[in-house]
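The values are calculated or read from the model by the stated rules, or taken from the named source; none is laboratory data. Treat the numbers as computed from the prediction; the structure is a model and nothing was measured. Cβ placement follows ideal geometry from the backbone for every residue including glycine, while neighbour counts extend to all protein chains displayed.
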Amino acid sequence: MSRKFQVKVIPSKWIEDGGHRLDCGPYVGGAIEARELLKKHHTERLDSLTKGYNGGIYNGPQFSRNYVEDPEFGVPFLTTSTMQKADTANLPLLSKKDAYSSKLSFLEVSENMTLITCSGSIGKIAYSRKDMAGCWSNQDIMKVVADTEKIHQGYLNAFLAGRFGVPLVVSGTYGAIIQHIEPSHLADLPVPRLGAVEEKAHELVQRAADLRVEAAALLKECGKTLNQTLGFPNRMSLSHRSFSCTLANASQMVARMEASYYDAVSLKTDEMIATLPNKDLFSALDISIDETGRLKQIFVDEEYGVPFLTSGEIFQLSYAPTRFLSKRLLPMDEAWAMDEGDILLARSGQVGGIIGRGVWADRRFAGGCVSVDVLRIKTEKARIPAGYLYTYLCLTDVGYHQLIRTAAGSSIPHISASDVYKLWIPRCPDEIEKRIDVSVRKAGILRADAQDYEDQARALVEQAIEEGGQ
């Protein structure tokens, strides 16, 4: 439903058919119109097309979350925000003891499920990929498990995530402050049967999921290659999550006096980098870092503006800007615009969250604008392959610790460009750097292609529904 102020006149029969609900959401969100259009198709109830726990439509109970650090004792844990991210490599680990208990074991995610946020921000939808299998989900994620003998999983996802499915999903929302939907609200949701369109949509959605898995595997291999070449460990302790004590020479503390800057893990990364024969100062690599000024944030309709992304939105699985800055008020030099191959770093937030994490800007990002909370590293003239630099900063624990230790500020820490310029960048042999660069760029292409396939699937389903209703 749009956030704009809306006025709508509706027939009283809609209120009668809607169980005499008097809240405006179901009537202005498009759910009634969707149901009316779907009456012109043969439809089946959603709960007749699912199978598994609780009939195949379920969420989970409230429970205390006990996290661990060692993957041997934990399972990756999905929340309503992380299920929508492109990268699931840094998920928190829920205790295996809790995960495999009788209370929570059914919350394990399997491939090809449809995941729906059912509390807070309702109706965000994702398709579970192969690299998400074996994760556990929290109680605010509802699962829809298709009966593959009756319906294709990808088609069901494309319909539910499309222009007609989402309004039907969110129409059952209740609650004044924290809104919810329950499995019973989706049970009678009408699913249109569209013949050959269903198989085609499924193939497109599945292709998108496979490309995303391939992209994630490429990036993981890039980080592993760099670590092996330089002798870095694949995992390092997250010092900000545990108490530590260390010693630092007084001469080192002339510029920085925060304890976090001298924690034991950060000092260890300094030692590892210092022993490498080949390294360059960031500032010597002809790289520019743009700290987008506090531009006038006048938001307009899409046709009059350019996409605007916050530090949280750059990590999303799908590039889907919801706000657009007025073109008329943006600087004419277009220095604010992202380019393909930029490295986007979240510069602010709580340590242990998104701060210090980064994204490779693929073709979807070109021409958009990011908020002041994102550092934009421009690499078109750099004397280092951009994909290699991204791998070191964003795909290795050593690079992450080098970045995150520079965060300054008590309430909302932030990373500044001046501190990033002072980092040492370890170098690999040219052929390895070029190979890593090629893989990163390929991963960016795959992720952009994946969204294209997913968009095609939803458009195909929506077109079939509209044409069948004429």
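Worth pointing out:
This table checks each residue for (1) part of a strand (DSSP E or B); (2) touching a Pro at 6+ places or on another chain (Cβ under 8 Å); (3) free of Cβ contacts under 8 Å to residues at least 24 places away in the same chain.
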{"site": "98", "(1), (2), (3)": "no, no, no"}
{"site": "101", "(1), (2), (3)": "no, no, yes"}
{"site": "116", "(1), (2), (3)": "yes, no, no"}
{"site": "121", "(1), (2), (3)": "no, no, no"}
{"site": "134", "(1), (2), (3)": "no, yes, no"}
{"site": "149", "(1), (2), (3)": "no, no, yes"}
{"site": "154", "(1), (2), (3)": "no, no, no"}
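- Restricting attention to segment 380-405 and to residues that are in a loop (DSSP other than H, G, I, E, B) and buried (at least 23 other Cβ atoms within 10 Å of the Cβ), the residue that is modelled with the highest pLDDT turns out to be 396.
- Taken residue by residue, segment 369-376 has at least one member that is of a type in the set (Gly, Ala, Ser), within 17 Å of residue 311 (Cα to Cα), assigned by TED's automatic domain parsing to the domain that holds residue 288 and outside any helix (DSSP H, G or I).
- Candidates in segment 279-320 are the residues that are part of a loop (DSSP other than H, G, I, E, B) and hydroxyl-bearing (Ser, Thr, Tyr); of these, the one that is modelled with the lowest pLDDT is 292.
- Condition check for residue 67: among the aromatic types (Phe, Trp, Tyr) and surrounded by 14 or more Cβ atoms within 10 Å (Cβ to Cβ): no
- Residue in segment 32-49 that is crowded, with 19+ Cβ neighbours inside 10 Å, at pLDDT below 90, touching a helix residue (DSSP H, G or I) at 6+ places or on another chain (Cβ under 6 Å) and not basic (Lys, Arg) present: yes
- Look at (1) more than 29 Å from residue 127 (Cβ to Cβ); (2) at pLDDT below 95 and you find that residue 466 fails only one, number (1).
- Within segment 215-231, tally of residues that are buried (at least 18 other Cβ atoms within 10 Å of the Cβ) and either over 19 Å from residue 389 (Cβ atoms) or touching a Leu at 6+ places or on another chain (Cβ under 7 Å) (or both): 6
- Out of 204, 211, one residue alone is assigned to a helix (DSSP H, G or I), farther than 30 Å from residue 434 by Cα, modelled with pLDDT of 90 or more and under 22 Å from the mean Cα position of the chain (by Cα). It is 204.
- The residues listed here are 443, 361; of these, the one that is surrounded by 23 or more Cβ atoms within 10 Å (Cβ to Cβ), among the small types (Gly, Ala, Ser) and in contact with a Gly (Cβ under 7 Å, 6 or more places away or on another chain) is 361.
- Within segment 321-345, the set of residues being in contact (Cβ under 8 Å) with a residue 60 or more places away in the chain and in a strand (DSSP E or B) comprises just one member, 345.
For (1) out of contact with any Leu (no Cβ under 9 Å at 6 or more places or on another chain); (2) surrounded by fewer than 18 Cβ atoms within 10 Å (Cβ to Cβ); (3) not hydrophobic (A, V, I, L, M, F, W, C), each residue gets a yes or a no:
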{"residue": "261", "(1), (2), (3)": "yes, no, yes"}
{"residue": "265", "(1), (2), (3)": "no, no, no"}
{"residue": "269", "(1), (2), (3)": "yes, no, yes"}
{"residue": "275", "(1), (2), (3)": "yes, yes, yes"}
{"residue": "291", "(1), (2), (3)": "no, yes, yes"}
{"residue": "303", "(1), (2), (3)": "yes, yes, yes"}
{"residue": "310", "(1), (2), (3)": "yes, yes, yes"}
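- Of the criteria (1) outside the structural domain of residue 283 (by TED's automatic domain parsing); (2) surrounded by 17 or more Cβ atoms within 10 Å (Cβ to Cβ), which one residue 468 fails: (2)
- Looking only at residues of segment 336-353 that are under 19 Å from residue 419 (Cα atoms) and among the aliphatic types (A, V, I, L, M), we find that the one that is modelled with the lowest pLDDT is 351.
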